[in-house]
Every structure is written in C-alpha cells, then in structure tokens.
Amino acid sequence: MRPAPGEVVHFSEDPTITRFEPHVAATALQPEAYVWAVGPDRAPDYWFPRQCPRAMAWVTPATTSSDRGWLGSDRVHAIEYGWLEEMRTVRLYAYRFAAVSFRSFGEHAHAMVATEPVSPLGPPERVGDLLGLHASAGIELRVLPNLWRFVDAAAPSSLGFSGIRLRNAQPRPSELQR
C-alpha cells in the first residue's frame, strides 16, 4: 500500500474521515498546524497500528559495511511482542490525496504536510494484512521483547533510522531495575 504517482497517503484506523483539517499534534515540536501524509518511500513506516511503537533501520549510500552486516537486511522494522496480535488484527485504512496540496516537511523530507484543509481523492482503502505487506515489500519485521537495544544500536549508526511512538514502548531494561 503505497501512493500512486502524484499522490500522498495518510494512514488511519478511522474509516469515516471526509475532510482533514490542519491541527497541532499533541506531540508536535512545532507550533504550526498541519495535515500529515507520506510519499511512497515512507509509507511502510505507517504499516502499523497507530499507537504501536516501532523502530526502523535501512541501508543508505553512506552505510558502512559493518552496519550493513549488523542489520543483516536492506530494511528492518522492529516491534515488541506485545503488539504482534494488534499487528495481525488492526483495521488500518489509507487515505489518498493529491500531492500538489502538500509540501515536504523536515530536513530529510520524511513527511509531507498541508496547511489548508484537504479532502481525500476517494473513500479510504483497507490496508489489509500488515505482516504480509511487510513480507511482499521485502522488509524484515523483527518482533522483540524490548525495542531499546535495537534503537540504541541503529540510531547512532550509519544506517537510516526512524522511531515512531517510542513513548509507547516497554521501559528500557535499565529503567526496570531502578
């Protein structure tokens, strides 16, 4: 499930949205109101239940052979065991928008934003089997007891890295001992 050329997508568990209004997310670091979407390269970052903490790492042109070897695959997504059942059962939907209504956001253009209200190009599409989607895209999905070892190894490496909803992850093992 990726946007077609000239489109961006927004993933949601709510299939009833007919118009998206810009808003300031509760976790936003910036004060501007946006409607958020992603292009084809970052769509797999959202093939998860909305609140699911996940860490993603991928090979880039700057990735060292050592980091490539550690990762063991071109792209890896990691979740915790506690989210596996939700990954299997969540009803996730994709809303398609005309890309012309959006602009790149961020230094690495990880997302697209609109500052005006936007309406989807049509009804939302059910995304379906998230595990199968990862498999068909060639993305290794790792299910771990805790995300933090993966995050702490991947984030400072030469790999591309993204962590989403990490505040929902299990505590770091060192925090459990306090």
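Computed values, structure above
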read-out: The range 42-132: GluC sites (Glu not before Pro) falling in loop per DSSP and having at most 11 other Cβ within 10 Å; value: GLU107
read-out: Amide hydrogen neighbours beyond the local backbone of GLU7, cut-off 5 Å, H modeled; value: ALA99
read-out: Cβ-defined net charge surrounding LEU131, 14 Å radius [Lys, Arg +1; Asp, Glu -1]; value: -1
read-out: At most 12 other Cβ within 10 Å, DSSP loop - GluC sites (Glu not before Pro), the range 1-70; value: GLU13, GLU32
read-out: GNM top mover of LEU92, LEU130, LEU141 - the chain, alpha-carbon springs below 10 Å; value: LEU141
read-out: Local net charge near TYR34, Cβ-Cβ under 13 Å (Lys/Arg +1, Asp/Glu -1); value: -2
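Only the coordinates and a few stated rules stand behind these numbers; no lab work does. The structure displayed is predicted, hence computed values, not measured ones. Note that each Cβ is placed from the backbone with ideal geometry, even for glycine, and that neighbours are counted across all protein chains shown.
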